[in-house]
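Only one structure is covered here, and it is reproduced in the block below.
The values are calculated or read from the model by the stated rules, or taken from the named source; none is laboratory data. Please read all numbers here as calculations on a predicted model, not as lab measurements. In this analysis, Cβ positions are derived from the backbone assuming ideal geometry, glycine residues included, and neighbour counts consider all displayed protein chains. All accessible areas refer to the heavy atoms of the entire protein, side chains included, with ligands and DNA or RNA removed. Shrake-Rupley method; radii C 1.70, N 1.55, O 1.52, S 1.80 Å.
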Amino acid sequence: MDVKKIYMDANALLEGHFKLSSGNHSQFYLQSAKVLEDPKTAKLLAEALAKQIKESGIEIDTVCSPALGGLIAGFALATALDVRFIFAERVNGAMNIRRGFEVQKGEKVLMCEDIITTGGSAMEAAAVVKALGGEIVGAAALANRGFCHREHSDIATKPNCKLPQNIPFFALADFTFEMYAPDECPLCKDGSEAIKPGSRGN
Ligand code: ZN
């Protein structure tokens, strides 16, 4: 499956000068929502990811995603794996599990995002699942930004990866474009201004 082509065809791989949520700048931005707006594509991607996860043999009771970005990918993946789906959400900045969702002691939970950059949000949500008694058995994303090692890829884990190394991480593709600290950004040096993705029609 050519995931990059799917992102390109959906205009979900944007080129410009972007300010990422981490504060860093980049020439590219992945807008997974654009890929997932077609439910058939969402289903196709989730089924490919589910196949990889099933082949690994890990046992999963539940998929959990951090809202908002991970919701559609997580729901589609849970559907393909035929397991329960719950989500965590931020309340006053802190990740929480609400809405009556329960986590049983020892419940095997796979964390899922649309894209894993460092895995920070997924692991914040995972901490809440663990506090409720759940066991984190893996992480999954449609796309990997290249900071964490994933199954079936030779990309090495970088120091800023927050995914624990003792659980498998599944993704369909690596998108390893550069990110820059604002004061080192070559695009800023060329005089352009970074925009927040989502603004100005992105
Ligand atoms: Zn810049």
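Spatially, region 89-162 and region 28-88 are offset by 13 Å when compared through their Cα centroids.
If the segment from residue 43 to residue 131 were pulled out straight at 0.36 nm per residue, it would be longer than the present Cα-Cα gap by 28.6 nm. Listed cross-link partners 4/196; 54/162; 40/158; 19/40; 19/162 are compared with a 27 Å cut-off, the Cα-Cα value being larger for 40/158; 19/40. DSSP beta bridges confined to region 38-176 are antiparallel in about 10 percent of cases. Per residue of the chain, the DSSP helices (runs of n ≥ 4 H) give a summed -39500 (n - 2.57) that works out to -8000 deg cm²/dmol at 222 nm. Of the residues 195, 86, ranked by 1.4 Å probe accessible area with the largest first, the sequence reads 195, 86. Remark: region 189-196, residue by residue, has Karplus-estimated 3J(HN,Hα) of 4, 7, x, 8, 10, 6, 10, 7 Hz, where x stands for each Gly or Pro and the curve is 6.51 cos²θ - 1.76 cosθ + 1.60 at θ = phi - 60°. Within straight-line reach of residue 105, meaning a Cα separation under 19 Å, sit the following lysines at least 8 residues removed in sequence or on another chain: 130. Once the 1.4 Å probe is applied to the protein heavy atoms, the chain comes out at 52 Å² accessible per residue. The Cβ shell under 10 Å around residue 19 holds other residues with a net charge of 0, Lys and Arg each +1, Asp and Glu each -1.
Working value for region 86-202: equivalent-ellipsoid semi-axes of 30, 19, 12 Å, each the square root of 5 times a Cα gyration tensor eigenvalue, largest first.
The mean sequence separation of alpha-carbon pairs under 8 Å and at least six residues apart, normalised by the residue count of region 1-61, gives a relative contact order of 24 percent. Ordered from highest to lowest accessible area with the whole protein assembly present and a 1.4 Å probe, 17, 152 read as 152, 17. If the Kirkwood radius is taken over C-alpha pairs of the chain, then at 37 °C and 0.692 mPa s the Stokes-Einstein diffusion coefficient equals 189 µm²/s. For the set 82, 174, the ranking by accessible area, highest first and with no ligand, DNA or RNA atoms included, is 82, 174 under a 1.4 Å probe. If R0 is 25 Å, the Cβ-Cβ spacing of residue 27 and residue 156 corresponds to a FRET efficiency of close to 0.65. Residue separation of residue 192 and residue 165 scaled by 0.36 nm, minus their Cα-Cα distance, works out to 5.9 nm of gained length.
Would you look at the GNM of the chain, springs on alpha carbons closer than 10 Å, and say which of 66, 182, 164 moves the most? Fluctuation is largest for 182.
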